[in-house]
Amino acid sequence: MNIVAWVILGLLAGAIAKAIYPGYQGGGILATLLLGIVGAFVGGTLATLLQTGSLQLTAATLSLPGLFLAVLGAIVAIWIWNYFNRKAYR
């Protein structure tokens, strides 16, 4: 997938994940973009793991199922970030 598609998928997935996930998530448009791109990799990798049984680093594609996987991956990334960030402040 080319860079423009990753940027579009990252912005869409990051914005949707931030809207779905409860609570406040800081960061601007760059943080949302990076969150969505990380989510695309997490979602694509988890989908490949469930389908084939092997762990391969793959990204979700710019399609409806790919967007769904990227949003799920971004939600997982937000949860992991909040988990480690809360531990640091205790």
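The values are calculated or read from the model by the stated rules, or taken from the named source; none is laboratory data. Since the structure is predicted, the reported quantities are computational estimates derived from the model, not experimental observations. As a convention, Cβ positions derive from the backbone with ideal geometry for all residues, glycine included, and neighbour counts pool all protein chains shown. To get the accessible areas, we keep the full protein, side chains included, count just its heavy atoms, and leave off ligands, DNA and RNA. Shrake-Rupley method; radii C 1.70, N 1.55, O 1.52, S 1.80 Å.
Among the protein heavy atoms, those of VAL4 account for about 90 Å² of accessible surface (1.4 Å probe, every chain in place).
Taking a point 7 Å from the Cα of ASN85 along the Cα-to-Cβ direction, the residues of the stretch 1-26 with backbone N closer than 12 Å to it are 18, 22-26.
State which helices in the chain qualify, where a helix is a whole DSSP H run, it must extend 18 Å or more along its own axis by its Cα atoms, and its mean Kyte-Doolittle hydropathy must be at least 1.6. It would help to have the intermediate numbers written out before the result.
Details: long enough: 3-20 (25 Å, 2.29); 29-52 (34 Å, 1.85); 64-89 (38 Å, 1.07).
Correct list, ordered by number: 3-20, 29-52.
Accessible area per residue for the stretch 8-49 is 49 Å², calculated with a 1.4 Å probe on protein heavy atoms, without ligands, DNA or RNA.
If I stretch the segment between TYR21 and VAL7 completely, what's the gain in nm (0.36 nm per residue apart, minus their alpha carbon distance), one decimal?
Contour length minus Cα-Cα distance gives 3.0 nm.
Here the chain exposes an accessible surface that is 74 percent carbon and sulfur, computed with a 1.4 Å probe and the other protein chains kept in place.
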